[in-house]
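Bear in mind these aren't lab numbers, they're just calculated from the coordinates by the rules spelled out. Note that this is a predicted model, so its numbers are computed, not measured. Every residue, glycine among them, receives a Cβ derived from its backbone with ideal geometry; neighbour counts consider all protein chains shown.
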There are 2 protein chains.
Amino acid sequence: MQAWRAFLRAHAVLTRNLEGDLLREHELPLPSYDVLVQLVESPERKLRMTELADAVMLSRSGLTRLVDRLEREGLVVREACLTDGRGLYAVLTDAGYARLREASGTHLRGIQRWFAARLGSDDVAALQRILGRLLEEPGQPSVLSA
Amino acid sequence: MQAWRAFLRAHAVLTRNLEGDLLREHELPLPSYDVLVQLVESPERKLRMTELADAVMLSRSGLTRLVDRLEREGLVVREACLTDGRGLYAVLTDAGYARLREASGTHLRGIQRWFAARLGSDDVAALQRILGRLLEEPGQPSVLSA
């Protein structure tokens with residue numbers, strides 16, 4: 001229970017610090033940054049809205065509101081799927097790409113400062129192993145037990 | 001970077017699973033549950049709104065909206081501070097206490113299932129050590145380096 005509370009607190013403190021940096025230097029909230037990153041890493045810089053919601057771990061309605069805001073800022077546009085009349089893509093614009101490039105230095109320095117610089121390489125390896133266990137699908141045997 | 005992404009994903013998956021259990025069985029979102037827990041653990045089951053916001057890691061405005069909702073449901077009441085005319089406490093009601101008791105079994109089983117049961121005692125110790133490093137105040141020497 002203590003470990004679980006520390007996990008929640010570490011998440012809250014780190015995301016608050018990272019978002020603080022992004023807001024102060026680029027007026028970009030963390031969820032907006034995450035959407036731009038997901039799009040730049042996707043083929044043709046676009047993703048179906050449903051896949052994007054999963055990737056950034058937002059509800060469908062939460063993502064709709066966020067993409068509305070990014071579209072008003074000119075960072076993203078919506079585009080119909082040619083193969084699926086009802087589906088929509090979110091597409092990164094050139095302005096969105098430029099904004100992400102500006103902000104990414106801040107964000108990577110933040111991850112270095114608040115996360116990586118505090119951990120030794122043993123810690124990082126241990127953390128990845130532990131997080132891997134937490135993310136295993138139930139009932140799916142791990143490589144070790146196979 | 002990989003470890004940081006796994007950390008974000010583990011947080012998102014675990015809180016979604018825990019909130020899913022609470023919503024399905026008790027119609028109680030996770031932030032509401034957190035507020036009730038903070039209050040039950042406080043002297044006289046009450047906390048200043050400012051302290052409560054820090055404890056549950058919400059903004060002042062986010063907490064105000066959440067306490068509005070809990071007050072409408074009869075789980076919490078606001079009460080003026082006698083020593084500070086402008087301050088307000090949030091106080092857990094008997095109905096709030098009863099609701100928390102109902103929900104806590106579900107939540108503790110969820111933490112056991114999604115978190116504790118997946119980790120050995122070595123993992124828990126390693127995780128606490130690592131999270132402790134992430135939560136150290138910058139510039140404050142740790143016990144080990146003193």
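Computed from Cα positions, the angle between helix B:94-114 and the longest principal axis of chain B comes to roughly 10 degrees.
Loop-only GluC sites (Glu not before Pro) in segment A:18-64, please: DSSP not H, G, I, E or B, and at most 15 other Cβ atoms within 10 Å. If you can, show how the numbers build up before the last one.
On the way: sites: A:GLU19, A:GLU25, A:GLU27, A:GLU41, A:GLU44, A:GLU51; in loops: A:GLU27, A:GLU41.
For GluC sites (Glu not before Pro) across segment A:18-64 that sit outside H, G, I, E and B with at most 15 neighbouring Cβ atoms in 10 Å, the list reads A:GLU27, A:GLU41.
Multiplying the residue separation of B:GLU41 and B:ALA80 by 0.36 nm and removing their Cα-Cα distance gives an extension gain of 12.1 nm. The mean count of C-beta atoms from other chains within 10 Å of the C-beta of residues in B:14-24, rounded to a whole number, is 1. Rounded to the nearest 20 debye, the dipole magnitude of segment B:2-135 is 460 debye, with +1 charges on Lys and Arg beta carbons, -1 on Asp and Glu beta carbons, and the Cα centre as origin.
Taking every alpha-carbon pair in the protein assembly as shown and binning the separations at 5 Å intervals from zero gives 1, 5, 10, 13, 14, 15, 15, 13, 9, 4, 1, 0, 0, 0 percent.
Taking A:ALA55, A:ALA125, A:ALA12 in turn, the Gaussian network model of chain A (Cα-Cα springs below 10 Å) assigns the largest fluctuation to A:ALA125.
For chain A, the longest principal axis of the Cα atoms and the long axis of helix A:121-135 meet at an angle of about 70 degrees. For chain B, the residue among B:GLY20, B:ALA80, B:LEU39 whose Cα projects farthest onto the positive side of the dipole built from Cβ charges is B:GLY20. Rounded to the nearest 10 degrees, the angle from helix A:30-40 to the longest Cα principal axis of chain A is 70 degrees.
Simple point charges give the picture: +1 on the Cβ of Lys and Arg, -1 on the Cβ of Asp and Glu, and for the protein assembly as shown a dipole about the Cα centre of about 0 debye.
Can you list which of the GluC sites (Glu not before Pro) found in segment A:58-116 are DSSP loop residues with at most 16 other C-beta atoms within 10 Å? Provide the component values of the computation, followed by the final result.
Details: sites: A:GLU71, A:GLU73, A:GLU79, A:GLU102; in loops: A:GLU73.
Those that pass, being in a loop and sparsely packed, are A:GLU73.
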